[in-house]
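Before any comments, here is the structure.
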């Protein structure tokens, strides 16, 4: 069971529409029925990640996940996506009506970004790329380096 190995379980709903993925993988678009069925089967918080447009908020309204992640995938894969601060400001209040927490992901790289995300309604911020780059460049010490240099921690 999920609760034996995970604190939460989630799915990325927009990966199948990304230009970098759609022609290379057999992904299918997830609908509300599929997401509700997934949520029903697990006994840990359920996360829907990849909310960046109004149409995706309709899934949130239908599914009522525990956590919603507003994400533009760093804005790096589509020229027509708005910046994550704009998406968060536009979508967070509506999303929060249908979930427990709103998290954000996508190009956040500094302590100022974290503070702004919190002010715009994010409960948590997901950050990966700077830490991956730090580990690749400096090994395990790269995490401490990123925390110190980019976030003023440590």
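The values are calculated or read from the model by the stated rules, or taken from the named source; none is laboratory data. Because the structure is a prediction, the values reported are computed rather than measured. Heads up, the Cβs are rebuilt from the backbone with ideal geometry, glycines too, and the neighbour counts pull from every protein chain shown.
Worth a mention:
- Here the condition is being touching a helix residue (DSSP H, G or I) at 6+ places or on another chain (Cβ under 7 Å) and within 18 Å of residue 11 (Cα to Cα); of 67, 48, it holds for 48 alone.
- Some residue of the stretch 31-52 being more than 16 Å from residue 122 (Cα to Cα), surrounded by fewer than 13 Cβ atoms within 10 Å (Cβ to Cβ) and at pLDDT below 85: no
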